[in-house]
Amino acid sequence: MPVKYYSLRLLPPRPSFAQDMSAEEKAIMQKHSAYWRELMQQGKVIVFGPVLDPKGVYGLGIIAANDDEEVKAFMAGDPANGLNRYEWHPMLAVVPEK
């Protein structure tokens with residue numbers, strides 16, 4: 001099955017989240033980062049990180065998945081899911097040939 005690419009946008013609970021996270025929220029976000037780094041090691045994540053939008057920082061990731069269900073499973077497994085929410089869309093990505 002050919003791999004598909006998706007954009008994931010992680011929407012924080014408030015615009016100031018990056019600046020005023022509580023200690024509990026910081027701990028969750030550290031687990032969130034470790035979770036996506038592990039998926040990156042598996043070749044499932046192309047790039048991820050915060051976008052420094054002056055209107056409010058949000059997370060962005062580009063992932064490789066077999067189908068929509070795998071994308072949903074990635075989001076469901078994220079320790080920050082629930083604290084934050086996701087928007088996601090399939091992409092017609094242009095990537096280097098392997």
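Things worth noting here:
- Some residue of the stretch 34-46 being touching an Asp or Glu at 6+ places or on another chain (Cβ under 8 Å), without any contact (Cβ under 8 Å) to a residue 60 or more places away in the chain and under 19 Å from PRO12 (Cα atoms): yes
- Flag for LYS44 being closer than 18 Å to ALA76 by Cα, charged (D, E, K, R) and surrounded by 10 or more Cβ atoms within 10 Å (Cβ to Cβ): yes
- Residue within the stretch 31-38 that is among the aliphatic types (A, V, I, L, M) and either under 19 Å from HIS89 (Cβ atoms) or surrounded by 15 or more Cβ atoms within 10 Å (Cβ to Cβ) (or both) present: no
Computed from the coordinates by the stated procedures, all read-outs in this text should not be read as laboratory data. What you see is a predicted model; the values in this text were computed from it and never measured. Glycine also receives a Cβ, built like all others from the backbone with ideal geometry; neighbour counts cover every protein chain displayed.
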